[in-house]
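The values are calculated or read from the model by the stated rules, or taken from the named source; none is laboratory data. Just so we're clear, the structure is a prediction, and the values are computed from it rather than from any experiment. Using ideal geometry, Cβ is built from the backbone for each residue, glycine included, and neighbour counts are taken over all protein chains shown.
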Amino acid sequence: MRIGIYARRPDTEDLARITTLLRRMTTAGLEVCVEEKLAAWLRKHNAPETFPAFSGRENAGGSRIVISLGGDGTFLRAVDLASRAGIPVLGINLGRLGFLADVRTEEVDAALDMLRTGKYETEERTMLRLEGCAYELDGDDLALNDVSVHKRDRSTMVEVTTYVNDRFLNTYWADGLIIATPTGSTAYSLSCGGPILEPGCRTFAITPIAPHNLNVRPIVVRDDAVMRIVVDARRDKYLVNLDARSITLEGQRELVVRKADQPALIAHLPGHDFFTTLRRKLSWGLDLRNGPAGPAPAD
């Protein structure tokens, strides 16, 4: 089985861990192909072994699955790399939280055996597509977590007039606005007071960032809705973010956010459970008076 490996700007101290993981993959009988920037990084740091490299998003080097090595930001970029080719992504967590990249280092051998025998689970996750700034995005228009508009540092609030299926929703005076998928509902949107959505929900959450009016609250809409937003930052520039990627725009701009044609495919170890991940990674439901909420998750 051919697997593609992606790591985004790894630290020098990660060299030993990454090369050890790559060696364990080949020992497990997997054919390893690394993304070209990672291949260059390995050569620069005199890694003891070399591997075939791939570039582009179309086929990930003919791989059947892409493995991201890092945290959730790395995982999001790996999804962008693999989603257009319909290739699933498995995340091995080398970062801190590991909500999406949920395979722990102590689970790596089990994960590699799972890949070798094909006994992994694949889950579809809805993605967003952003329209209205094709030149600035240069084709990089998909997001797994969220699309957001945000004022820049020291700028005044932005005015975001929002329509859902051409019906006026609201004009937000705020630091920005987030449109989140169920996957992204546990990310930036959650930190701004948005709801947690189960991954299988066919909905999006529209969450304002620090709104001027206290009676403005997040709202959940169906995922077949087309959301049109008109951004006016007066004389200031503002940011448009797709997951961890940002572009800078200025002046009035009309943007359209809709469900992408293709879903992201996420690979999991057998027995993966979203609610267990919520409790373990985000301490969801934790009552410090009584200890962990519900039964202790099985390791």
Which members of segment 58-83 meet the condition of being charged (D, E, K, R) and surrounded by fewer than 16 Cβ atoms within 10 Å (Cβ to Cβ)?
58, 64
Could you please find all residues in segment 171-214 being of a type in the set (Gly, Ala, Ser) and exposed (fewer than 15 other Cβ atoms within 10 Å of the Cβ)?
191, 193, 200, 210
The conditions are (1) assigned to a helix (DSSP H, G or I); (2) surrounded by 19 or more Cβ atoms within 10 Å (Cβ to Cβ), and residue 4 fails exactly one of them. Which is it?
(1)
Check off (1) at pLDDT below 95; (2) in a strand (DSSP E or B); (3) surrounded by 18 or more Cβ atoms within 10 Å (Cβ to Cβ) for residue 249 and give me the number that stays unchecked.
(3)
Which residue pairs have Cβ atoms under 7 Å apart, sit 6 or more places apart or on different chains, and have a first residue in segment 26-50 that is under 16 Å from residue 14 (Cα atoms) and a second that is of a type in the set (Gly, Ala, Ser) and at pLDDT 90 or above?
38/7
List the strands (runs of 3 or more DSSP E) inside segment 122-174, counting only whole elements, that have at least 2 residues being β-branched (Val, Ile, Thr) and in contact with a Phe, Trp or Tyr (Cβ under 6 Å, 6 or more places away or on another chain).
158-164
When segment 153-167 is examined, which residues are found to be surrounded by fewer than 17 Cβ atoms within 10 Å (Cβ to Cβ), in contact with a strand residue (DSSP E or B) (Cβ under 8 Å, 6 or more places away or on another chain) and either under 20 Å from residue 190 (Cα atoms) or of a type outside the set (S, T, N, Q) (or both)?
159, 166
Identify the residue in segment 265-289 that is in contact with a Gly (Cβ under 8 Å, 6 or more places away or on another chain) and not in a strand (DSSP E or B) and, among all such residues, is farthest from residue 122 (Cα to Cα).
285
Quick one: how many residues across segment 84-110 are surrounded by 23 or more Cβ atoms within 10 Å (Cβ to Cβ) and either of a type in the set (Phe, Trp, Tyr) or in a helix (DSSP H, G or I) (or both)?
0
Might you let me know whether segment 47-66 holds any residue that is on the phi < 0 side of the Ramachandran plot and part of a helix (DSSP H, G or I)?
no
Kindly check whether there is at least one residue in segment 146-161 that is of a type in the set (A, V, I, L, M, F, W, C), outside the structural domain of residue 81 (by TED's automatic domain parsing) and within 30 Å of residue 65 (Cβ to Cβ).
yes
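Yes/no per residue for (1) closer than 13 Å to residue 147 by Cα; (2) assigned by TED's automatic domain parsing to the domain that holds residue 65; (3) not basic (Lys, Arg):
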residue	(1), (2), (3)
189	yes, no, yes
197	no, no, yes
202	no, no, no
211	no, no, yes
236	no, no, yes
240	yes, no, yes
269	no, no, yes
275	no, no, yes
289	no, no, no
From the set of residues in segment 111-146 that are more than 12 Å from residue 269 (Cβ to Cβ) and of a type in the set (Lys, Arg), which is surrounded by the most Cβ atoms within 10 Å (Cβ to Cβ)?
125
Out of 202, 280, I need the residue that is among the basic types (Lys, Arg), modelled with pLDDT under 90 and within 24 Å of the chain's Cα centre (by Cα). Which one?
280
Checking residue 225 against (1) touching a Pro at 6+ places or on another chain (Cβ under 6 Å); (2) modelled with pLDDT of 90 or more: exactly one of these is not met. Which one?
(1)
